[in-house]
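All of the numbers you see were taken from the coordinates with simple rules; none came from a lab. Small disclaimer: the values here were computed from a predicted structure and weren't measured. No Cβ is skipped: glycine too gets one built from the backbone with ideal geometry, and neighbour counts run over all protein chains shown.
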Amino acid sequence: MEHRALPRLAAPAVAALLAVTTACTGGTVQGRPGASGLRDPYFPKAGNGGYQVEHYALDLDYDPADGVLHGRAVITARAEQGLSSFNLDLSGLHVEGVDVDGEGARFNRTGNELTVRPADDVKKGRVFRTEVVYSGRPKALTDADGSREGWITGEAGAVGVGEPVGSMTWFPGNHHPSDKAAYDITIRVPRGYEAVSNGELRFRTEGADGRTQFAWHSPEPMASYLATAVVGPYKVTTGRTPSGVAVYNAVSPEEAAASEPTLARLPEMVEWGSGRFGPYPFGTAGAVVLPAGTLAYALETQTKPVYPGAPGDESLVLHELAHQWFGNSVSPKSWKDMWLNEGFATYAEWLWDEDHGGPTAQEHFDALLAGDTDVDEAADAGWDAFPPADPPGPEDISASPVYQRGAMVLQRIRQEVGDEKFFGLVRGWAADHRHGNASTADFTAYAEERTGHDLKKVWDVWLYGKARPK
Ligand code: TRP
Ligand code: ZN
């Protein structure tokens, strides 16, 4: 994080240089290099410019005994400019070769950037296929806030989690939430292990080589931070919600008994969410319960959130489920918009309580304002430390103001506009940006337009104001 400010200063200079280069070669038909980052306010090098990915096909072969991953990524993307070269984000691992449209491509690596130079420039508007063959022992990353992400190994397996940038430790890609794509993730593991990923299990085959292959299919757009691959001796149970959404739960055997009561409520929660927020955005639902001690937090990985051991209470399961609408279907445009994920998911917990005989959302709001931890444990977690739409730095994007004060913003809107308009807004937001990306500015404009209320004071005080609101 020490380079945080630098790329912002360096970027215009790079752009100027590129302009000169293009002018010199007279290159209107020729491609130019795609940008090496999308200049996210917190993670400027995350993602890459010049193309949008449509589909990732990841073929992974993993052996928990030695921790070695063999991978082949076929990335189908559309060029948004003529490209003489383009970048993928990849951390660690050894790249064995890169092809673009079936032809060998030159490549080099600096930091977490894999730069690919195809034999021929890719023309603007063209759909092109990049194949990267890679291998090695993936390594976890430690974020600015001290949390670990990426490829996390445990005693008997591993899990890939990628919020905000850890997915680059296990596959090359355009690792920024603004570029969502469909995925097919195939995982080969030694017999006796399960391999779990997002979406639907297309097939599971026992090979003659003593390995089992699992083919997972995610047709709906997915931000790469929500991709997961989990390997271990999991206990799998399947079912359906009352309205027919397929449920796939993979639970670490030692966590099975403790997980049962909370996971049993997942089908009912999916139905409840569909009533409150509109149709469940994905074809499948479920959960992965990791062996305790593997990871320090839960993550809303698409369709199957991962839990760091048996989920202790139903609020956590509800929170990760709510992210399927808020975060996964409606995804942030940049990491500055994280409160749109966490504020909504926290607010969903309050609504669940309100609908199930617990404190109302207003009571949660009042408890936070008063510092009353009897009603809301998070009341003294420091929700007033900074405004939710403006975290001071990358180490703050998962801090309390993003969650609790983010939820308080929503309650303030509800107070201003009343229940009918408020729930119309929430459902409209999920519907109008379904499977897309949205920013804080998109939300504030939408809220005012949809409700017909001037909400400037709410934004100034609750969303952007530095002082603790009263
Ligand atoms: N976004 C996750 C959730 O709300 C939690 C999470 C992911 C997190 N990474 C983190 C929390 C790092 C603290 C630190 O379910
Ligand atoms: Zn969350």
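A few comments on the model shown:
- Using Cβ point charges alone (K and R +1, D and E -1), the dipole size of the chain about the Cα centre works out to roughly 1700 debye.
- Residue exposure sequence - Met408, Met269 - by fewest surrounding Cβ within 10 Å: Met269, Met408
- Theoretical FRET efficiency, 1/(1+(r/R0)^6), r = Cβ-Cβ of Glu200 and Ala264, R0 22 Å, to 0.05: 0.50
- Cα gyration tensor, the chain - rounded (a/c under 1.5), prolate or oblate: oblate
- Rg and Dmax of segment 131-289, Cα atoms only, in Å: 16.3, 48
- Among His323, Gly424, Gly357 - extreme Cα towards positive end, dipole of segment 313-469, charges at beta-carbon: Gly424
- Mean-position separation - Cα centroids, segment 194-256 and segment 81-127, in angstrom: 30 Å
- Using θ = phi - 60° and Karplus 6.51 cos²θ - 1.76 cosθ + 1.60, couplings along segment 133-141 (whole Hz; Gly, Pro as x): 9, 8, 6, x, 9, x, 10, 6, 10
- The Cα atoms of segment 200-343 give a gyration tensor whose axes a ≥ b ≥ c have a/c under 1.5, which makes the shape rounded.
- Centre separation in Å (Cα based) which lies between segment 305-336 and segment 429-445: 17 Å
- Shape of segment 328-470, Cα gyration tensor, a/c cut at 1.5: rounded
- Cross-link pairs Lys139/Lys304; Lys139/Lys466; Lys45/Lys466; Lys421/Lys470; Lys333/Lys457 - those with Cα-Cα distance over 30 Å: Lys139/Lys466
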